[in-house]
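Down below is the structure, laid out as structure tokens.
The values are calculated or read from the model by the stated rules, or taken from the named source; none is laboratory data. Since the model is a prediction, treat every value here as computed from it, not as a measurement. For neighbour counting, all protein chains shown are included, and Cβ atoms are generated from backbone atoms with ideal geometry for every residue, glycine included. When the accessible area is computed, the model is the full protein with side chains, heavy atoms only, and any ligands, DNA or RNA have been set aside. Shrake-Rupley method; radii C 1.70, N 1.55, O 1.52, S 1.80 Å.
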Amino acid sequence: MTSVAEPRRLTWRRTRVSDPLVRPMLAELGHEYSARYGKDAHGELARYPAEEFDPPHGTLLLLLEHGEPVAGGAFRRYDAHTAELKRIWTHSGHRRRGLGLLVVAELERTAGARGYHRVFLTTGPRQPEARGLYLAAGYTPLFDTAADPETIGPLPFEKLLAGPAGTGSTAESEG
């Protein structure tokens, strides 16, 4: 089942990596990672087996507008109490609309409902938009924010969840 995120416009779809609707997300992420880091990003995108993003320990969700993916993301089990966010994405033609915050909030809500108490993530040092997103979403940086990000490498963040995170949609997934 698909749930409404915004009246008649945006819907959540819980799915799997193999879903054809996930292809635009992975393609655009691969292109962005390669452009920013000067290497083929397919290895990074294939680092984790697709099953790690399946329930009960993980999830992959897309935010659809008129049936087309405009944002998405996933989490996987990091440890017994921690979900790790991965592949947070907003389609390049739909940025600056707050969709990334919606995705992060829905992933947090889902992780909390699955019993996770903490969310962890890393982002690359050449992704200032992602860094800003996580700070805006209330994540605590686990690095010196005054340091040059290039000297740190992957930038780790965490957020503690107080029970089921958020009060977003409660409808179950499709896929």
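Annotations
- DSSP bridge pairs, segment 30-164: antiparallel proportion in percent, nearest 5: 90
- Gaussian network model of the chain, Cα within-10 Å springs - most flexible of 144, 54, 40: 144
- Using Cβ point charges alone (K and R +1, D and E -1), the dipole size of the chain about the Cα centre works out to roughly 260 debye.
- Highest mobility in the GNM of the chain, judged by mean-square fluctuation with C-alpha springs under 10 Å and restricted to 77, 14, 23, is found for 23.
- Computed over protein heavy atoms with a 1.4 Å probe, the carbon and sulfur contribution to the accessible area of segment 12-117 reaches 53%.
- Span from the segment 72-91 Cα centroid across to the segment 105-156 one, whole angstrom: 10
- Solvent-accessible surface of the chain, averaged per residue with a 1.4 angstrom probe and all protein chains in place: 51 square angstrom.
- On the principal axes of its alpha-carbon atoms, the chain has extents of 45, 34, 31 Å, going from largest to smallest.
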